[in-house]
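Some notes on the structure that comes next.
The values are calculated or read from the model by the stated rules, or taken from the named source; none is laboratory data. Predicted, not measured: the structure shown is a model, and the values here were computed from it. Backbone-built Cβ (ideal geometry, glycine too); neighbour counts: all protein chains shown. Note: areas computed on protein heavy atoms with side chains; ligands, DNA, RNA excluded. Shrake-Rupley method; radii C 1.70, N 1.55, O 1.52, S 1.80 Å.
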Amino acid sequence: MTIEQHHLKHGLKRYRGAIIVALTGLTAVLYLAWTAASGSLGFPLDDGWIHQTYARNLARTGQLAYVPGQPSSGSTSPLWTLLLSIGYLLRVDYGLWTYFLGAVCLALTAGTACRLAGRLFPDQPWAAPLAGFLCALEWHLAWAAFSGMETILFTWLILWLMDLQFVIYDSRSAIRHSVFVLAGIVAGLLTLTRPEGGLLVGLLGLALLWRAWRRARWQGVLAVAGYGLAFALVVSPWLAFNLRVSGQPFPNTFYAKQAEYRVYLALPIWTRLARVLLPTLAGAQFLLIPGFCYAIFSPFRPNSSPPGTPHDPLCPTCDPPPAISYALPLLWWALTVLIYALRLPVNYQHGRYLIPTLPVLLLYGIGGTLRLMRPGSPRMGVRVVGRTVLLAILVLLLTFWVRGASLYADDTGFIEGEMVAVAHWLNANTAPDDLIAVHDIGAVGYFTQRPLLDLAGLITPEIVPFIDDETRLLAFMAEQNAGYVVFFPWFSDTYRRMAGDPRLDPVYDSGYEWTRRQGLENMIVFKAGW
């Protein structure tokens, strides 16, 4: 590292927080203004309306319930529901409040990625700011930030927990029990945001236990016990609530999604891995793949400095990260991809379930690319090639950033033109006591407040065992005397066959033109004649 690079690094460190906030603000303006210009501000996922319904009922009744008076374990993210409910208590417009939370979490994600990249790649002064800027502008993360979903909160908490392992084992400090407790609290909040956060919680617990035993024996083990106890105290009320309401420790959706998409489990494992992974590679991160692969092995090269040896006399704190701390995010990334390929190999909505893994890909991708391409090399040829690669990454990042805004507007328009339009029709054309069976209950539940049967199993978990059997679904709806049935016929073969049942008479479809241009049918309301 030259003296000029050293000064540049500290100059960027001083202003990078402000730059990240500014980039986040630009992202919010671009995505929301583009969507507003299309006349369809809302959310690009029907599930966003599910969270709004839970949050509104929590604020009004103090219950975690989709239908007031009926406690439900259907909320995948009680922490996100709680945060959304604050907006209702403050009487802030739900859309503005949700967008604000998303923007804050996106900025925190980028800022934490910046700090974590600095710890992982202390020998690369550009790794930290570039990682932060990449996360602030990456289109999947921007899309998630304004989706009304918990995804971006989950992403930030993942990075924060990964970063805390470095704070816990700062080689210049004694074991600090308070930081272990803080990590346990963050681990609990992570699991309350999405139950699959438990994977990182467990991996970090094992890593902490191994390092604690090596460093301080029983004193270290006691500190790790504080991590586990804090985690248990945070999540135990939620687990107890789920057990009391549904008899299962996790939300209904945790089981229903796996049942609904189990047909994909017949695909070869390599096909399933491709299905879950490829959507996350659409963007500048595609050019980071060689650097990501290089970063996996670069800390273990024979010429790597041993722990405690500074990389450069101008940067005395630039110790290489311990191998276990460096490997933990990579291990979590690999296991998350594998688990989804094994249990829920879906790729819809831009790979939404794997979006939280993107910062790890970006962090190691940019760090490895800087090491591999050496844009600061004194050799002109190497320097030119390295900087050309970085420029190409920037161009691709900005191109997909803008393209992502267009996709966000299209997706939001689809939800508004289909689900929200159907919800308003039902509100105007059905009686308050009509039972409506619906697949995709978000907007319908929020705007109609009619009694519902949930064909996706979120608030009607008894259908999960036969969620893909149209004969039993129809029999169940007839038994419950559902007056109306609502779904997309193209959603699956089950629903295609169900749409042909003579007892279901189509009485309304949204007529949304964009859906038809994609070669798909509109959402249809059927009047049931059992």
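The table for this structure:
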read-out: Residue tally, condition open to solvent by 10 Å² or more (accessible area, probe 1.4 Å), within 18 Å of the chain's Cα centre (by Cα) and either hydrophobic (A, V, I, L, M, F, W, C) or under 20 Å from Leu390 (Cα atoms) (or both), over the stretch 106-132; value: 2
read-out: Residue check for Val389: modelled with pLDDT under 95 and aliphatic (A, V, I, L, M); value: yes
read-out: Checklist (1) assigned to a helix (DSSP H, G or I); (2) closer than 22 Å to Gly69 by Cα; (3) open to solvent by 40 Å² or more (accessible area, probe 1.4 Å) applied to Asp410, failing item; value: (2)
read-out: Selected residue [in contact with a strand residue (DSSP E or B) (Cβ under 9 Å, 6 or more places away or on another chain), open to solvent by 50 Å² or more (accessible area, probe 1.4 Å) and within 28 Å of Phe43 (Cβ to Cβ)] from Glu513, Glu521; value: Glu521
read-out: Residues (among the polar types (S, T, N, Q), buried (at least 17 other Cβ atoms within 10 Å of the Cβ) and part of a helix (DSSP H, G or I)) located in the stretch 428-456; value: Thr448
read-out: Single residue of Val224, Val201, Val186 found to be among the β-branched types (Val, Ile, Thr), over 21 Å from Trp156 (Cβ atoms) and either at pLDDT 95 or above or surrounded by 22 or more Cβ atoms within 10 Å (Cβ to Cβ) (or both); value: Val224
read-out: Number of the condition not met by Trp156 [criteria: (1) open to solvent by less than 10 Å² (accessible area, probe 1.4 Å); (2) modelled with pLDDT of 95 or more]; value: (1)
read-out: Qualifying positions in the stretch 492-528 - within 12 Å of Glu418 (Cβ to Cβ) and not in a strand (DSSP E or B); value: Ser510, Gly511, Tyr512, Glu513, Trp514, Thr515, Arg516, Gln518, Leu520, Glu521, Asn522, Met523
read-out: Pick from the stretch 207-221, criterion on the phi < 0 side of the Ramachandran plot and without any contact (Cβ under 8 Å) to a residue 24 or more places away in the chain, ranking: farthest from the chain's Cα centre (by Cα); value: Trp218
read-out: Lone unmet requirement of (1) among the aliphatic types (A, V, I, L, M); (2) surrounded by fewer than 19 Cβ atoms within 10 Å (Cβ to Cβ); (3) modelled with pLDDT of 95 or more; (4) touching a Leu at 6+ places or on another chain (Cβ under 8 Å) for Leu90; value: (4)
read-out: Members of the stretch 457-472 found to be outside any helix (DSSP H, G or I), open to solvent by 10 Å² or more (accessible area, probe 1.4 Å) and not aliphatic (A, V, I, L, M), listed by number; value: Asp468, Asp469
read-out: Members of the stretch 83-117 that are in a helix (DSSP H, G or I) and of a type in the set (D, E, K, R); value: Arg115
read-out: Residue count, the stretch 234-263 (criterion: open to solvent by 50 Å² or more (accessible area, probe 1.4 Å) and among the basic types (Lys, Arg)); value: 2
read-out: The stretch 377-406 - residue that is in contact with a Phe, Trp or Tyr (Cβ under 7 Å, 6 or more places away or on another chain) and of a type outside the set (Gly, Ala, Ser) and, of those, least open to solvent (accessible area, probe 1.4 Å); value: Trp401
read-out: Selection status of Trp80, within 20 Å of Ala409 (Cα to Cα), open to solvent by less than 40 Å² (accessible area, probe 1.4 Å), out of contact with any strand residue (DSSP E or B) (no Cβ under 8 Å at 6 or more places or on another chain) and in a helix (DSSP H, G or I); value: no
